[in-house]
1. Only one of R154, R142 is in contact (Cβ under 8 Å) with a residue 24 or more places away in the chain, surrounded by 20 or more Cβ atoms within 10 Å (Cβ to Cβ), of a type outside the set (S, T, N, Q) and out of contact with any strand residue (DSSP E or B) (no Cβ under 7 Å at 6 or more places or on another chain). Can you tell me which?
2. Applying the selection to segment 1-20, what residues are of a type in the set (S, T, Y) and either farther than 24 Å from K66 by Cβ or at pLDDT 95 or above (or both)?
3. Going through segment 39-72 one residue at a time, which ones are surrounded by fewer than 17 Cβ atoms within 10 Å (Cβ to Cβ), more than 15 Å from ligand 1 (Cβ to nearest atom) and more than 14 Å from V23 (Cα to Cα)?
4. Going through segment 134-164 one residue at a time, which ones are part of a loop (DSSP other than H, G, I, E, B) and β-branched (V, I, T)?
5. How many residues are surrounded by fewer than 12 Cβ atoms within 10 Å (Cβ to Cβ) and either in contact with a strand residue (DSSP E or B) (Cβ under 9 Å, 6 or more places away or on another chain) or β-branched (V, I, T) (or both) if we restrict to segment 96-122?
6. Looking at segment 21-46, which of the residues that are assigned to a strand (DSSP E or B) and within 21 Å of F88 (Cα to Cα) is farthest from ligand 2 (Cβ to nearest atom)?
7. Which of (1) away from ligand 2 (no atom under 16 Å from the Cβ); (2) more than 15 Å from Y205 (Cβ to Cβ); (3) part of a strand (DSSP E or B) does H13 not meet, given it meets every other one?
8. Is it true that N24 is free of Cβ contacts under 8 Å to residues at least 60 places away in the same chain and away from ligand 1 (no atom under 16 Å from the Cβ)?
Amino acid sequence: MSQTLLKAKAISHSFDTLLFEGVNLSLYERQSAAIVGRSGSGKSTLLHICSTFIEPKEGSVSLFGKELYTQSTSAIEEIRRYEIGIIFQFHYLFKGMSAMENVEIATILARETIDPALLEKLEITDVMAQKIGELSGGQQQRVSIARVLSKKPRIIFADEPTGNLDNETATLVMDVLMDYIQNNDAALMLVTHDEQMAERCDICYRLEEKSLKEIV
Ligand SMILES: Nc1ncnc2c1ncn2[C@@H]1O[C@H](COP(=O)(O)OP(=O)(O)OP(=O)(O)O)[C@@H](O)[C@H]1O
Ligand SMILES: [Mg+2]
């Protein structure tokens, strides 16, 4: 039986107005789920709720079988650092450092090592010595994906990871993410506008009219 890695139950959230309510979502080992929806529907917010950054107004999130937001701040930070990986919509790399230094920092913090095969698969081996500022947007995006996967997370939360990429490179990134979850008993929660990428996931949801609906 595969283990449940993420369980979100009856989640509601609002900032100024209600964004969504009654959201239920589970992720098992080796499972991928895509979330699509219009800009402003709350996809990034839902991803941040599931990935330790925002406590929802109502409902509960469990990661690895343990209720998340009732834990201490330091326990939540440990989970964020060691157990999950977040690929943000806007990548946060250290601009003055090389691509390799950026990946090294993450692996040292997570007590892991860099996998040269991963850099090879992402087609960034040849640019690793360059400073981030000298890389194209798509290369930076792939460096940030390498940095996240090098931590060996059990759940990957990816917000538009293929947003800046041409179709061929986007397909390559999806291949890497899908291989990663299969080989590491991990799971993927993917927010995307790209229907082709969403269709590659095991389940596909749409966030609309303030609720999350499974689409087929
Ligand atoms: N920290 C915040 N404080 C106040 N309002 C916020 C905050 N974060 C998001 N919002 C609002 O919540 C709504 C949903 O934002 P969110 O970023 O989740 O949308 P999204 O579906 O990811 O959109 P996009 O596809 O454009 O990335 C927006 O109206 C946004 O202005
Ligand atoms: Mg967003």
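The values are calculated or read from the model by the stated rules, or taken from the named source; none is laboratory data. Just so we're clear, the structure is a prediction, and the values are computed from it rather than from any experiment. As a convention, Cβ positions derive from the backbone with ideal geometry for all residues, glycine included, and neighbour counts pool all protein chains shown.
1. From the options R154, R142, the qualifying one is R142.
2. Quick first cut of segment 1-20, residues of a type in the set (S, T, Y) only: 2, 4, 12, 14, 17.
Across segment 1-20, the qualifying residues are T4, S12, S14, T17.
3. F64, G65, K66, E67, Y69, T70, Q71, S72
4. Initial filter on segment 134-164 (part of a loop (DSSP other than H, G, I, E, B)): 135-136, 151-154, 160-164.
Listed by number, the list holds a single entry, T162.
5. Total satisfying the criteria: 2.
6. Residues of segment 21-46 that are assigned to a strand (DSSP E or B), as a first pass: 21-28, 32-36.
Now narrow it down to the ones that are within 21 Å of F88 (Cα to Cα): 25-27, 32-36.
Working: L25: 16, S26: 22, L27: 19, S32: 18, A33: 16, A34: 14, I35: 10, V36: 11 Å.
Selected residue: S26.
7. Of everything listed in (1) away from ligand 2 (no atom under 16 Å from the Cβ); (2) more than 15 Å from Y205 (Cβ to Cβ); (3) part of a strand (DSSP E or B), H13 misses just condition (1).
8. Details: free of Cβ contacts under 8 Å to residues at least 60 places away in the same chain: no; away from ligand 1 (no atom under 16 Å from the Cβ): yes.
Taking the combined requirement at face value, the residue does not satisfy it.
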